[in-house]
Amino acid sequence: MIEVAWLTILLAFAFTFTNGFQDASAVAATFIASRSATPKQGIIFVAAMDFMGALLGGTAVAFTISGLLAMEPETRLVPVILAGLTAAIIWNLVTWRSGLPSSSTHSLIGGLVGAGIAAGGMGGVYWGLEELLAPPHEMTGLVKVIAFLVLSVILGLIAGYIMRKATRTLLMNTKRSLNQDIIRLNWAAAAIMAFSNGANDSQKQLGVIALVLLSAGFSTSYDIPLWARMGCAILLGAGTLTGGWRIMTTLGRKIFKIDPIHSFDSQISSGAVLVGSTLAGAPVSSSHIISTSVIGVGAAENPRKMHWSVGREILLAMIVTIPVTMVLAFGISLLLIPITRGIS
């Protein structure tokens, strides 16, 4: 089981890297597309802030992720996590090749749930159904995760729309020279957005690693070691630097033509949603929050100039990711679990 545990931890690090070019790259999309920064400046700056967010971002989201699976004995969790991570990485690579801003969070949740059901039946997942009608901040388990995944993208859309309407009114009849001030503000907005993204995204993998360490007997608590946090921070930043250009093109150019003020509106609105979700301990999708905030900004600016077909593709990716990765992880589990039992 020791070998399987370390393989699972390595796979969690690999998933963090794919997370970098999937979710984190979306953070730089509007910043670069609005010409507030050159591609090189923007991606390096965002990667650096992602690194800082992952390093300093807390543990609330990690504890939510670590409580999704419910199995006895806990040693059964390691191959389940291995199967879930494998399914999530496969889906991240498929959607990256398509240039779709799919969600690493959705793929990880779907992978863990599908693998948990394969290994332990419906009781292998902590659903949290007893809190189904409770306020979101009082929910636990999968119910809390799904509630915040849905609520966050709706809030991203609404916040983007309201933000664009507000700034349009406030900046009416102002001089074009104000654009330079907005570009400078975009650097601050991008910093906040990237830091909060790094804080939320890295904690998902850190929660998985903490669970593996506990299940394999390497730790006696859910404490997250510094080497794990540092590793996730480095890989999240590296993934942002190397692999996100396809997704940036989709978000930054294909929905509608983005100017500096649109980037500012989108980053402030989506950043606020991300910060709130992280403080609530909710693992949410940065790419989906940013996507819906961009759509909200574009709809407020001029609905007729929107490429709604791209929005439909993004919505389709939101809907199918969890079911697809659940099925994929279920199948992988049926293959992996007997093999890992032989190793242990």
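The values are calculated or read from the model by the stated rules, or taken from the named source; none is laboratory data. This is a predicted model, so every value here is computed, not measured. Heads up, the Cβs are rebuilt from the backbone with ideal geometry, glycines too, and the neighbour counts pull from every protein chain shown.
I need the full set of residues from region 1-47 which are of a type in the set (Asp, Glu) and surrounded by fewer than 24 Cβ atoms within 10 Å (Cβ to Cβ), in order please.
Going through region 1-47, the residues of a type in the set (Asp, Glu) turn out to be 3, 23.
Residue satisfying the conditions is Glu3 alone.
Please go through region 227-254 and give me each residue that is part of a helix (DSSP H, G or I), at pLDDT below 90 and within 12 Å of Thr18 (Cα to Cα), ordered by number. Don't jump to the end; show me each part of the working.
Within region 227-254, the first condition is being part of a helix (DSSP H, G or I), and the residues that meet it are 227-243, 245-254.
Pick out the ones that are also at pLDDT below 90 and you get 236-243, 245-254.
The answer is Leu236, Gly237, Ala238, Gly239, Thr240, Leu241, Thr242, Gly243.
Just to check your reading of the model, which residue among Leu142, Leu133, Leu171 is touching a helix residue (DSSP H, G or I) at 6+ places or on another chain (Cβ under 9 Å) and under 28 Å from Ala60 (Cα atoms)? Full working, then the answer.
On the way: Leu133 fails: touching a helix residue (DSSP H, G or I) at 6+ places or on another chain (Cβ under 9 Å); Leu171 fails: under 28 Å from Ala60 (Cα atoms).
Going through Leu142, Leu133, Leu171 in turn, the sole match is Leu142.
Check region 122-133 and report whether any residue there is touching a Ser or Thr at 6+ places or on another chain (Cβ under 7 Å), surrounded by 18 or more Cβ atoms within 10 Å (Cβ to Cβ) and not small (Gly, Ala, Ser). Spell out the reasoning first.
Residues of region 122-133 touching a Ser or Thr at 6+ places or on another chain (Cβ under 7 Å): 128, 131.
This time we only want the ones that are surrounded by 18 or more Cβ atoms within 10 Å (Cβ to Cβ), so: 128.
With the extra rule that they be not small (Gly, Ala, Ser), the set shrinks to none.
Checking region 122-133: not a single residue is touching a Ser or Thr at 6+ places or on another chain (Cβ under 7 Å), surrounded by 18 or more Cβ atoms within 10 Å (Cβ to Cβ) and not small (Gly, Ala, Ser).
Going by the structure shown, is Gly123 more than 22 Å from the chain's Cα centre (by Cα) and assigned to a helix (DSSP H, G or I)?
Numbers: more than 22 Å from the chain's Cα centre (by Cα): yes; assigned to a helix (DSSP H, G or I): yes.
Yes.
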Restrict the check to region 216-226 and report whether at least one residue is buried (at least 17 other Cβ atoms within 10 Å of the Cβ) and either modelled with pLDDT of 80 or more or on the phi > 0 side of the Ramachandran plot (or both). yes
In region 123-146, what residues are of a type outside the set (Val, Ile, Thr), within 29 Å of Val297 (Cα to Cα) and touching a residue at least 24 places away in the same chain (Cβ under 8 Å)? Pro136, His137, Lys144
Limited to region 140-173, what total is found for residues that are over 27 Å from Leu185 (Cβ atoms) and either of a type outside the set (Phe, Trp, Tyr) or surrounded by fewer than 21 Cβ atoms within 10 Å (Cβ to Cβ) (or both)? 11
Taking the condition of being within 18 Å of Ser293 (Cα to Cα) and of a type outside the set (Val, Ile, Thr), how many residues in region 150-184 meet it? 13
Report whether or not Ile322 is in contact with a Gly (Cβ under 8 Å, 6 or more places away or on another chain), hydrophobic (A, V, I, L, M, F, W, C) and more than 21 Å from Ile89 (Cβ to Cβ). no
